[in-house]
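Below is one structure, written out as structure tokens; the observations come after it.
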Amino acid sequence: MMAVLLLAVHEGHEPLMAKWLNDPEVVRWTRHVPGEATEESEWQYMKDCWRRGDNVLVIIYDGKPVGTICLFAPVEGVSNVSIMIGERAYWGKGIATEAIRQIADYAFRFTSIQELWAGAVAGNVGSWCAFVKAGFHELPTRTILIQKGVTHEVVHVRLTKQDWQKRGAGE
């Protein structure tokens, strides 16, 4: 597999982000409604993230932007992670797993974060499996989400700094 790079999102990425968020298959399991994202709304989203202290990164694979990953500003040592591979041709190639590993390495090496959490609709197997493959543990409790008029189970996953260190990633 080619290298996966994470780069800070910047002005100029908003057309790609809007394109991805307007693809019905990409946003199938998200709260986004295709057709609502604009370059302006994505630029505002990026500014809001920066203001809150969220780290929004573009996932680069084979020299091409293929998605985004976000490490949300921590609260009491806990941060949430979200990921979207927006280029469907790159689904199922292990890119999300590698991006999640990299964001976890960054979070635990260079910040005070002690736990990372994520959630995904159970039907979005690729998403929550990417987290598990990256070392996160599936939690026994699932929640219910009503999204776009449909009820879904949400799988929750967590990775602690201690578990990350045990797997040798902290060395």
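Regarding region 44-60, can at least one residue be identified that is at pLDDT 95 or above, surrounded by 12 or more Cβ atoms within 10 Å (Cβ to Cβ) and farther than 17 Å from Ala107 by Cβ?
Yes, region 44-60 has at least one match.
Condition check: at pLDDT 95 or above and either among the charged types (D, E, K, R) or touching a Ser or Thr at 6+ places or on another chain (Cβ under 6 Å) (or both). Does Arg167 satisfy that?
no
Within region 114-150, count every residue that is of a type outside the set (Val, Ile, Thr) and either in a strand (DSSP E or B) or modelled with pLDDT of 95 or more (or both).
Filtering region 114-150 down to residues of a type outside the set (Val, Ile, Thr) leaves 114-120, 122-124, 126-131, 133-140, 142, 145, 147-149.
In the following step, the residues that additionally are either in a strand (DSSP E or B) or modelled with pLDDT of 95 or more (or both) were identified as 114-120, 130-131, 133-138, 145, 147.
Summing the residues that are of a type outside the set (Val, Ile, Thr) and either in a strand (DSSP E or B) or modelled with pLDDT of 95 or more (or both) in region 114-150 gives 17.
If I ask for residues that are touching a residue at least 60 places away in the same chain (Cβ under 8 Å) and within 17 Å of Cys49 (Cβ to Cβ), which ones from region 60-75 would you list?
Ile69
Could you please let me know if Gly67 is surrounded by fewer than 17 Cβ atoms within 10 Å (Cβ to Cβ) and small (Gly, Ala, Ser)?
no
Please enumerate the residues belonging to region 51-98 that are over 22 Å from Pro15 (Cβ atoms) and among the aromatic types (Phe, Trp, Tyr).
Hit for region 51-98 is Phe72, nothing else.
Limited to region 12-37, what total is found for residues that are exposed (fewer than 11 other Cβ atoms within 10 Å of the Cβ) and under 20 Å from Leu71 (Cβ atoms)?
1
From the list Leu57, Leu71, Leu7, exactly one residue is among the hydrophobic types (A, V, I, L, M, F, W, C), within 14 Å of the chain's Cα centre (by Cα) and under 20 Å from His156 (Cβ atoms). Which is it?
Leu71
Out of everything in region 86-125 that is surrounded by fewer than 17 Cβ atoms within 10 Å (Cβ to Cβ) and among the β-branched types (Val, Ile, Thr), what residue ends up being nearest to Pro74 (Cα to Cα)?
Thr111
Can you confirm whether region 21-37 contains a residue that is part of a strand (DSSP E or B), out of contact with any Asp or Glu (no Cβ under 9 Å at 6 or more places or on another chain) and farther than 22 Å from Leu159 by Cβ?
no
Name the residue, out of His156, His137, that is without any contact (Cβ under 8 Å) to a residue 40 or more places away in the chain and surrounded by 14 or more Cβ atoms within 10 Å (Cβ to Cβ). Don't jump to the end; show me each part of the working.
Values: His137 fails: surrounded by 14 or more Cβ atoms within 10 Å (Cβ to Cβ).
Residue meeting the stated conditions: His156.
Are any residues in region 38-54 under 25 Å from Gln147 (Cα atoms) and either in a loop (DSSP other than H, G, I, E, B) or touching a helix residue (DSSP H, G or I) at 6+ places or on another chain (Cβ under 6 Å) (or both), and if so, which ones?
Thr38, Glu39, Glu42, Trp43, Asp54
The values are calculated or read from the model by the stated rules, or taken from the named source; none is laboratory data. Note that the structure is a prediction, hence the values are computed from the model and not measured. Virtual Cβ from ideal backbone geometry, glycine too; neighbours counted across all protein chains shown.
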